[in-house]
Amino acid sequence: MSTTQVAPRAVGTALDRLDGPDKVRGAAIYAFEWRVHRPAYLYPLQATIAAGCVTGVDTAAATAEPGVLAVLTHHNAPRLAATGDSELAVLQSDEVAFRGQFVGGVVAETAEIARHAASLVRLEYAERAHDIELRPDRDDLYAPAQLSTGDPADTALGDVDAALASAAVSLDATYTTPMYHHNPMEPHATIAIWTDDGLTLYLSTQGAHWIRATVAELFGLDPPRVRVISPHVGGGFGSKIFANPDVVLAAMAAQRVAGRPVKLALTRQQMFSQVRYRTPTVQRIRLGADDGGRLTAIAHDVVAQTAKIKEFGEHAAVCSRNMYAAPHRRTTHRLAALDVPVPTWMRAPGEAPGMFALESAMDEMAIACGLDPIEFRIRNEPSVNPETGAPFSSRNLVACLREGARRFGWERRDPTPLARRDRGWLVGTGVAASTYPVFRLPGNAATIRVGRDGRYAVLIGAADLGTGTWTALTQIAADALEVTVDDVDLHIGDTALPMACTAGGSSGINSWGSTIVEAARTLRARLRSEHGGTAPAEGFEVTAEMPDNPDSERFSMHSFGAQFAEVRVHEDSGEVRVPRLLGVFAAGRIINPKTARSQLLGGMTMGLSMALHEHSVVDPRFGHVVNHDLAEYHIATNADVGSIEAYWVDEDDPYVNPMGAKGLGEVGIVGTAAAIANAAHHATGIRVRDLPITLDKLLR
Ligand code: MOS
């Protein structure tokens, strides 16, 4: 059974962002900006040790400061109803599990008073030796019961060791990626209001309902008594999916000064210890091939870190389970549990670091086999999912590689490293594949209401992180209702709306869109059967839940892409420039070419940033990120980016969902770093296996 598709009319048009005019005029309200009556301001206190406990608290000077409303520590903070999650059990004990952990907070009449008073609180600690270094030779590495995606830690088929031993060509290389931090333009921000009716949170979040569920449980409230409002979000790369300690601290402070709204906006520096991060990885890849360049063995072994207080298993080798054909294959994931903040999902978790390793190794192997890297990938294209045997719902990696090669001018490339020089610069080009799964997250419902005026209100608690949800869901609703986008009023970003999943795993369009299509079909069917097809005077509404997609069990569903990079490395200084990136993607039907292109350009830019700049540097003596601001944690800016082009191939996938769309938020970052590393190797003959690619690594 395949899903009946919606005839696209609004879908596929490059509609301008519906929220654009409000954003340009400053009329779109972000979390911290809501006008609330007599707000108070919260400033957190953070642990200055990496492990141990708080032994002494002196809040006298802070409390005496004029304008201070409350000073919270573990001695006097409200008790939470649920403390099983040690990361979120804020101020429930004297334990310090990582440096920077919240150990208190000051609430005051102004943000300045709160910050000053926080500096007057004296805390004493009993420190214990901390353990924060991820090394692949640790003897306490373990396999998690499952990865953060629910996938198993390990998979194996055939006999990898024997296949590697007898391979005509083989590769054994280790790649590393550093710790990265989420840096959306809008830092995490909360306004918490505690009244007799419950708790209201104006929040910068990727998923209002997910946050509500967690906060309600922590505070022992029925979920309907917690309302989360978040119509506009200034970016989110995964750190805004789950409730973080800042939300808990703000809600606690609001409970303490009940009636006064409490505002908390994390500073950029606080973002580097409070809202999680992408784990560093150490990845060993072994490949074996026959003398025709056909892979016989693929092994991908990942070591990553997690926190002692909560487990998170990054799934960096999962990409190697479905990218290339080979009869003998193995993937493993091992974790080190450390005295560190909990890692989490960050744009293309798993695939972004994992495909850096796999696609760098594929480039090395192509060279070892004497093959063009595109031809090498095409030779190893699987006809079905190579681990499960399931057919792909659609797979157009080869089309992306060919179309990209044509647009990029790949055929003019001399494959010899160091072949091109231009006035002191070594010039090279590289290619890498990209992939991302088609996820659908559960727990979605949508209400559609039609009034006498023929306007349709579409209600679903979805989120727009700047991605284009407001626009794309309106287009999907218009087509499903067979009306124009002007007839549709979308409502998202509020738990007062029907339940929706978080904006995570590029699943938004799939999950919310499928739900809206179901509600629209139900509405139209019932209008026909009950009202002769016309809305009654009093209006009419239906609510529908997201239907199951039985095809998702039968098919392996993924987006694919091909990323091309030109890199210039200065012969004397090692300075690296990327004048050109070009990506071609196959991601199903494109709902809105304008917002889609934005997503892909953003992903590729973040991939460039990952390749050359981003790197959270931890001081092992103290356990904190040293470069915890945008001056020292360098993110690619306009001047770092040359020409970026994003294209897609037409792809008709009748199985993924009624829209035929696969999701675009993450596939754009996947493979970019490998394409750049491969191009840097082509330019210089130097293979950089450790990100970021800084100039010191390119000097002979
Ligand atoms: Mo994305 S890491 O699922 O926000």
Next item on the list: Take the residues in segment 501-521 that are of a type in the set (Val, Ile, Thr) and more than 21 Å from residue 351 (Cα to Cα), then tell me which one is farthest from the ligand (Cβ to nearest atom).
Entry: 517
Checklist line | Test for residue 532: is it without any contact (Cβ under 8 Å) to a residue 40 or more places away in the chain, more than 16 Å from the ligand (Cβ to nearest atom) and not assigned by TED's automatic domain parsing to the domain that holds residue 351 | finding: yes
Next item on the list: Looking only at segment 661-689, count how many residues are crowded, with 24+ Cβ neighbours inside 10 Å, assigned to a loop (DSSP other than H, G, I, E, B) and not acidic (Asp, Glu).
Entry: 6
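Confirm whether residue 276 is within 16 Å of the ligand (Cβ to nearest atom), among the basic types (Lys, Arg) and closer than 30 Å to residue 135 by Cβ.
yes
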Check: Cβ-Cβ below 6 Å, separation at least six or inter-chain, first residue in segment 80-91 and among the β-branched types (Val, Ile, Thr), second in a loop (DSSP other than H, G, I, E, B) and open to solvent by less than 50 Å² (accessible area, probe 1.4 Å): which pairs?
Finding: 83/89; 83/92
Next item on the list: Kindly indicate whether any position in segment 77-97 is of a type in the set (Ser, Thr, Tyr) and under 29 Å from the mean Cα position of the chain (by Cα).
Entry: yes
Margin query: I'd like to know if segment 460-467 contains one or more residues that are in a loop (DSSP other than H, G, I, E, B), touching a strand residue (DSSP E or B) at 6+ places or on another chain (Cβ under 8 Å) and farther than 23 Å from residue 229 by Cα.
Written below: no
Item checked: Meets criteria (in contact with a Pro (Cβ under 8 Å, 6 or more places away or on another chain), away from the ligand (no atom under 16 Å from the Cβ) and of a type in the set (Lys, Arg)) for residue 589 -> yes
Notebook entry, point to check: Got a sec? Which of 406, 377 is closer than 24 Å to residue 689 by Cβ and either open to solvent by less than 10 Å² (accessible area, probe 1.4 Å) or without any contact (Cβ under 8 Å) to a residue 60 or more places away in the chain (or both)?
Noted result: 377
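Of all residues in segment 339-351 being more than 10 Å from residue 314 (Cβ to Cβ) and either modelled with pLDDT under 95 or near the ligand (Cβ under 9 Å from one of its atoms) (or both), which is least open to solvent (accessible area, probe 1.4 Å)?
348
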Notebook entry, point to check: Which of the residues that make up segment 520-544 are under 16 Å from residue 454 (Cβ atoms), of a type in the set (Lys, Arg) and out of contact with any helix residue (DSSP H, G or I) (no Cβ under 9 Å at 6 or more places or on another chain)?
Noted result: 528
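So for segment 417-431 (the condition being in the same structural domain as residue 678 (by TED's automatic domain parsing), of a type in the set (S, T, N, Q), at pLDDT 95 or above and more than 23 Å from residue 585 (Cα to Cα)), does at least one residue qualify? Lay out the reasoning, then the answer.
Taking segment 417-431 and keeping what is in the same structural domain as residue 678 (by TED's automatic domain parsing), we get 417-431.
Imposing the further condition that a residue be of a type in the set (S, T, N, Q) reduces the set to 429.
Add one more test, that the residue is at pLDDT 95 or above, and what stays is 429.
Now restrict to residues that are more than 23 Å from residue 585 (Cα to Cα): none.
No, every residue in segment 417-431 fails to be in the same structural domain as residue 678 (by TED's automatic domain parsing), of a type in the set (S, T, N, Q), at pLDDT 95 or above and more than 23 Å from residue 585 (Cα to Cα).
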Next item on the list: Output the qualifying pairs, or none if there are none: Cβ atoms under 7 angstrom, residues six or more apart or on different chains, first residue in segment 334-345 and farther than 12 Å from residue 242 by Cα, second residue within 16 Å of the ligand (Cβ to nearest atom) and part of a loop (DSSP other than H, G, I, E, B).
Entry: 335/313; 341/276; 341/277
Check: When the residues of segment 474-500 are filtered to those that are under 24 Å from residue 228 (Cβ atoms) and among the charged types (D, E, K, R), which remaining residue is farthest from the ligand (Cβ to nearest atom)?
Finding: 489
Next item on the list: Mind listing whichever residues of segment 441-464 are under 18 Å from the mean Cα position of the chain (by Cα) and buried (at least 24 other Cβ atoms within 10 Å of the Cβ)?
Entry: 462, 463, 464
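Yes or no, residue by residue, for (1) part of a loop (DSSP other than H, G, I, E, B); (2) in contact (Cβ under 8 Å) with a residue 60 or more places away in the chain; (3) crowded, with 19+ Cβ neighbours inside 10 Å:
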position: 118; (1), (2), (3): no, yes, yes
position: 126; (1), (2), (3): no, yes, no
position: 129; (1), (2), (3): yes, yes, no
position: 151; (1), (2), (3): yes, yes, no
position: 167; (1), (2), (3): yes, yes, yes
position: 175; (1), (2), (3): no, yes, yes
Next item on the list: Kindly indicate which of 366, 390 is more than 16 Å from the ligand (Cβ to nearest atom) and open to solvent by less than 10 Å² (accessible area, probe 1.4 Å).
Entry: 366
Notebook entry, point to check: Got at least one residue in segment 255-271 being over 23 Å from residue 177 (Cα atoms), small (Gly, Ala, Ser), away from the ligand (no atom under 16 Å from the Cβ) and modelled with pLDDT of 95 or more?
Noted result: yes
Next item on the list: Test residue 161 against the criterion of being in contact (Cβ under 8 Å) with a residue 40 or more places away in the chain, of a type in the set (Asp, Glu), in the same structural domain as residue 354 (by TED's automatic domain parsing) and open to solvent by 10 Å² or more (accessible area, probe 1.4 Å), and give yes or no.
Entry: no
Check: Just to be sure, is residue 621 in the same structural domain as residue 434 (by TED's automatic domain parsing), at pLDDT 95 or above, surrounded by fewer than 21 Cβ atoms within 10 Å (Cβ to Cβ) and over 22 Å from the mean Cα position of the chain (by Cα)?
Finding: yes
Checklist line | Members of segment 644-660 found to be open to solvent by 10 Å² or more (accessible area, probe 1.4 Å), under 25 Å from residue 440 (Cα atoms) and among the β-branched types (Val, Ile, Thr), listed by number | finding: 649
Item checked: Residue pairs meeting the criteria (Cβ under 8 Å; at least 6 apart or on separate chains; first surrounded by fewer than 18 Cβ atoms within 10 Å (Cβ to Cβ), in segment 183-200; second part of a strand (DSSP E or B)) -> 198/226; 198/227
Checklist line | Search result, residues across segment 308-329 that are surrounded by fewer than 23 Cβ atoms within 10 Å (Cβ to Cβ) and either assigned by TED's automatic domain parsing to the domain that holds residue 90 or in a strand (DSSP E or B) (or both) | finding: 310, 328
Note to self: Every residue in segment 368-394 that is part of a loop (DSSP other than H, G, I, E, B) and within 30 Å of residue 417 (Cβ to Cβ), please.
What the structure shows: 370, 371, 372, 380, 381, 382
Check: Would you call residue 578 among the β-branched types (Val, Ile, Thr), touching a helix residue (DSSP H, G or I) at 6+ places or on another chain (Cβ under 7 Å) and either crowded, with 24+ Cβ neighbours inside 10 Å or assigned to a loop (DSSP other than H, G, I, E, B) (or both)?
Finding: yes
Notebook entry, point to check: Of the residues 9, 99, which is touching a helix residue (DSSP H, G or I) at 6+ places or on another chain (Cβ under 9 Å), closer than 30 Å to residue 548 by Cβ and either open to solvent by 60 Å² or more (accessible area, probe 1.4 Å) or of a type in the set (Lys, Arg) (or both)?
Noted result: 9
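The values are calculated or read from the model by the stated rules, or taken from the named source; none is laboratory data. This is a predicted model, so every value here is computed, not measured. For neighbour counting, all protein chains shown are included, and Cβ atoms are generated from backbone atoms with ideal geometry for every residue, glycine included. Protein only, heavy atoms only, side chains kept; ligands, DNA and RNA dropped before computing areas. Shrake-Rupley method; radii C 1.70, N 1.55, O 1.52, S 1.80 Å.
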